[in-house]
Structure formats: structure tokens, C-alpha cells
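Here the structure comes first, spelled out in C-alpha cells, and everything after it is commentary.
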Amino acid sequence: MDTSALKKELVDLVRAANDMTTLEGVRVTALGKKGRITDLMKTLGALSPDERKLVGAELNVLKDEISDLIEKQALELKKQELDARLANEELDVTLSVRPNRKGSIHPISQTMDELVSIFAEMGFSVAEGPDIEDDFHNFTALNFPIGHPAREMHDTFYLPMDERETGESQKKLLRTHTSTVQIRHMMKNKPPIRMICFGRCYRSDWDMTHTPVFHQMEALYIDKNVTMGHLKGCLSDFVKSFFGIDDLPVRFRPSFFPFTEPGAEVDIGYWKENGELRLGKAPKPENQKWLEILGSGMVHPNVISSCGLDPKEYQGFAFGMGLERATMLKYGIPDLRSFFESDTRWLSHYGFDPLNRPNRATR
Ligand code: PHE
């Protein structure tokens with residue numbers, strides 16, 4: 001059998017195929033189930049054993065040659081295709097990049113920024129204090145004498161005693177509230193004092209509404225002739241501004257803190273609409289409900305004298321607020337524990353754009 005004519009014909013077809021579809025067509029024509037070479041293979045059965053050996057070998061050589069050629073042609077076509085794409089596709093490296101914002105501001109940081117901007121307008125500046133405190137600054141100077149029952153309510157984390165520590169008041173602990181910063185600030189600064197501070201606080205507590213670490217803000221105003229009227233005015237203005245609700249109902253309820261006299265808890269008004277919490281004045285007075293938002297009071301004379309000031313000359317007020325709770329209420333965040341899980345999906349949902357802040361609610 002002479003396969004040279006067939007070979008020439010197939011080789012020409014392969015060489016002429018200048019795209020992948022045509023080449024695949026040629027492959028089917030030559031080697032497919034009903035292809036030219038395949039058809040010839042099928043005729044081998046009718047030949048004598050000697051002829052079959054000879055023709056079989058020749059057809060196998062032809063088959064290998066053609067499929068090698070097709071493979072080479074395919075590689076060549078792919079290379080041409082890539083070269084053409086590279087020649088056509090242009091990339092202008094001088095174009096400016098598309099904004100790709102990664103990361104966002106944690107809601108607690110956002111709240112802190114908003115608070116700074118509200119209190120800065122009222123003349124308050126920001127103070128700081130350490131997370132690891134001693135008994136004196138966390139309790140004794142705040143009028144919690146040793147053995148005072150209110151100490152028990154703080155579920156304090158104590159640090160192991162150091163051999164250099166001599167008395168109870170040097171005992172190290174993780175601060176249970178930011179009132180420690182009041183003490184440090186009053187000991188170092190002369191009135192008039194107007195300061196706010198923020199910080200992590202620690203209590204050994206863990207459930208739906210408590211985490212062992214949480215954030216507080218504290219504010220302190222000390223001057224001559226400061227009254228409860230100043231406290232009420234400052235706090236009502238502040239909560240209305242923070243929540244961005246002009247007629248937000250605010251209620252002061254007598255309460256006890258060792259470091260205040262008198263002390264008051266502050267509630268803000270809310271109501272429910274279709275089971276959802278709405279801050280503000282209820283359309284019908286009988287539906288008005290109240291939420292506790294912060295603790296406050298006139299600074300106790302014992303605290304003022306612990307810091308080396310004369311309580312006959314100076315008075316003041318202070319308040320402390322949990323930042324997680326305030327943030328949850330303002331931004332409708334349902335679960336306290338999610339604040340500490342570092343889940344990036346939560347952060348990108350509730351976080352704030354770093355280039356667009358602080359967005360404090362304006363009145
Ligand atoms: N330090 C108080 C607390 O953690 C809050 C507070 C601060 C209350 C200042 C009154 C005045 O509960």
C-alpha cells in the first residue's frame with residue numbers, strides 16, 4: 001500500500017490550519033473514529049498475516065507522524081495567539097490606581113473620636129492613665145476604704161504581690177474603672193480641671209452583657225462653685241449630641257458610688273416600634289421606657305482631699321460611661337461579645353471608613 005499521497009495530503013492540511021478550530025477539524029479527518037487513517041486501519045483484518053504486518057507498521061508510522069505534527073502545529077498556534085495578545089494589550093502604568101480600601105475603624109474607636117469632638121467643644125481635654133493600677137488609685141483614693149463592701153462588687157483581677165510592695169494600697173491590679181485617671185489627673189493638675197479619658201477596664205465577669213475587658217470613658221470637671229445644675233446641663237447636652245436626637249428624654253435617678261455625693265444614674269428614653277428599640281421620646285407618653293446609660297455624681301469631698309485639694313474651695317462633677325453599650329445603642333449592634341472577636345466580616349460591616357470620620361451626630 002502506498003500511503004505517501006495520503007501523507008502529503010494530511011501534512012498540507014495540518015500546515016494550512018491556522019487556527020485551533022481548523023486544526024481540530026483536521027485531527028478528526030485524519031485520526032478520528034471515522035478518520036482517513038482509522039478507516040485504513042480497519043481494512044487490515046482482510047489482509048494476509050504477512051501483508052498485515054507490513055501495512056500495519058506503515059500505518060502506525062503515519063499515524064504517529066501526523067499526530068506529532070498536529071501537536072507541533074497546536075503549540076505554534078498557541079504561541080502566535082499569545083504573541084498577538086501581547087502585541088495588542090496595552091497597560092498604561094501612568095494611570096492612577098483604583099481606590100482599594102482595606103481595613104476599617106473599629107466602632108469603639110469611632111465612638112471615642114466622636115466623644116473627643118463633643119467634649120472638645122465644651123473645653124475638655126483628653127487625659128490618660130495606666131491599665132495596671134494599684135489599690136490606692138483604683139479604690140482607696142476614690143473613697144473605698146479597705147474592707148468597704150463596694151470593693152467586692154468590682155470582681156477585681158489582682159496581680160501577684162511583689163516583694164517591694166509593703167502595704168495593701170500598693171497591691172497591683174487591673175483597673176476596674178477609669179475613675180483612676182481622675183485621681184492621677186487631680187493630683188498633678190490645678191483647677192479648673194476639665195478632662196475626659198478613655199480606657200480598657202477589667203472585671204472578672206463573662207456573660208451575655210459582660211466581658212472581662214471593656215471600655216469606659218470618664219469625665220471630670222473641678223472648679224469653684226460647681227453645682228449639680230452644671231452636671232445636669234452638661235450631661236443632657238452631651239447625650240443629645242452623641243445620639244443626635246434633640247428632644248431625647250434624659251432622666252437623673254439617685255444612685256450610690258463611694259466617690260460621689262450625691263450620685264446619680266442617667267437614663268435615656270426609648271420606646272418600641274414593631275418590637276424594635278427606638279431611642280427618643282415615645283409618641284404616646286405611656287409607652288416611654290428608660291435605659292440606663294451612665295453613672296455620675298458630684299465628686300465626694302473625701303476624693304477631692306485625697307488628691308490634695310481643699311473641698312471647701314473646690315467642687316466638681318464626674319461621670320463614667322461604658323463605651324460598648326453606648327456604641328451598641330447608637331449603631332444598633334446587637335451582641336456585646338462580637339466587639340472582641342476580631343471577625344473581619346463584622347468589622348467591615350460595622351466599621352467606619354478611615355477617610356471619612358469622625359461622623360459625630362450633629363445637632
Ligand atoms: N466608675 C464608675 C463605674 O465604673 C462610673 C462613675 C464614674 C460613676 C464617675 C460616677 C462618677 O461604675
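Of note:
- With respect to the conditions (1) touching a helix residue (DSSP H, G or I) at 6+ places or on another chain (Cβ under 8 Å); (2) in a helix (DSSP H, G or I), N18 falls short on a single one, namely (2).
- Of the residues making up region 265-290, those that are more than 36 Å from the chain's Cα centre (by Cα) and part of a helix (DSSP H, G or I) are P285, E286.
- Which numbered condition P262 misses (of (1) of a type outside the set (D, E); (2) over 17 Å from the mean Cα position of the chain (by Cα); (3) away from the ligand (no atom under 16 Å from the Cβ)): (3)
- Sole residue being assigned by TED's automatic domain parsing to the domain that holds P301, touching a helix residue (DSSP H, G or I) at 6+ places or on another chain (Cβ under 9 Å), among the polar types (S, T, N, Q) and not in a strand (DSSP E or B), chosen from T180, T166: T180
- One residue alone among S204, S236 is within 19 Å of S117 (Cβ to Cβ), among the hydroxyl-bearing types (S, T, Y) and either over 24 Å from the mean Cα position of the chain (by Cα) or assigned by TED's automatic domain parsing to the domain that holds Y331 (or both), and that residue is S236.
So that you can scan it fast, the table gives a plain yes or no per residue for (1) within 19 Å of L294 (Cβ to Cβ); (2) within 12 Å of the ligand (Cβ to nearest atom); (3) crowded, with 19+ Cβ neighbours inside 10 Å:
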residue	(1), (2), (3)
P145	no, no, no
P149	no, no, no
T166	no, no, no
K188	no, no, no
P191	no, no, no
I196	yes, yes, yes
C201	yes, yes, yes
D205	yes, no, no
F214	yes, yes, yes
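- Looking across region 96-113, the residues that are in contact with a Ser or Thr (Cβ under 9 Å, 6 or more places away or on another chain) and outside any loop (DSSP other than H, G, I, E, B) come down to P107, I108, Q110, T111.
- Whichever residue in region 282-320 is more than 16 Å from the ligand (Cβ to nearest atom) and among the charged types (D, E, K, R) and, among such residues, is nearest to I333 (Cα to Cα): K289
- Flag for M161 being without any contact (Cβ under 8 Å) to a residue 24 or more places away in the chain and within 12 Å of the ligand (Cβ to nearest atom): no
Let's see how each residue does on (1) over 10 Å from T260 (Cα atoms); (2) in contact with a Leu (Cβ under 8 Å, 6 or more places away or on another chain):
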residue	(1), (2)
L279	yes, yes
P283	yes, no
N287	yes, no
W290	yes, no
I293	yes, yes
V299	no, yes
P311	yes, no
Y314	yes, no
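- Top-ranked residue in region 11-60 [being of a type in the set (A, V, I, L, M, F, W, C) and in contact with a Lys or Arg (Cβ under 7 Å, 6 or more places away or on another chain); ranked as surrounded by the most Cβ atoms within 10 Å (Cβ to Cβ)]: A30
- For region 313-328, a residue qualifies if it is surrounded by 13 or more Cβ atoms within 10 Å (Cβ to Cβ) and over 19 Å from S296 (Cα atoms), and exactly one does: M328.
- Members of region 216-225 that are within 14 Å of the ligand (Cβ to nearest atom) and not hydroxyl-bearing (S, T, Y): Q216, M217, E218, A219, L220, I222
- Any hit, region 136-150, residues being touching a Pro at 6+ places or on another chain (Cβ under 8 Å) and not in a loop (DSSP other than H, G, I, E, B): yes
- Where L279 falls short, out of the listed (1) touching a residue at least 60 places away in the same chain (Cβ under 8 Å); (2) more than 14 Å from the ligand (Cβ to nearest atom): (1)
The values are calculated or read from the model by the stated rules, or taken from the named source; none is laboratory data. What you are looking at is a predicted structure, and each value in this text was computed from that prediction instead of being measured. For neighbour counting, all protein chains shown are included, and Cβ atoms are generated from backbone atoms with ideal geometry for every residue, glycine included.
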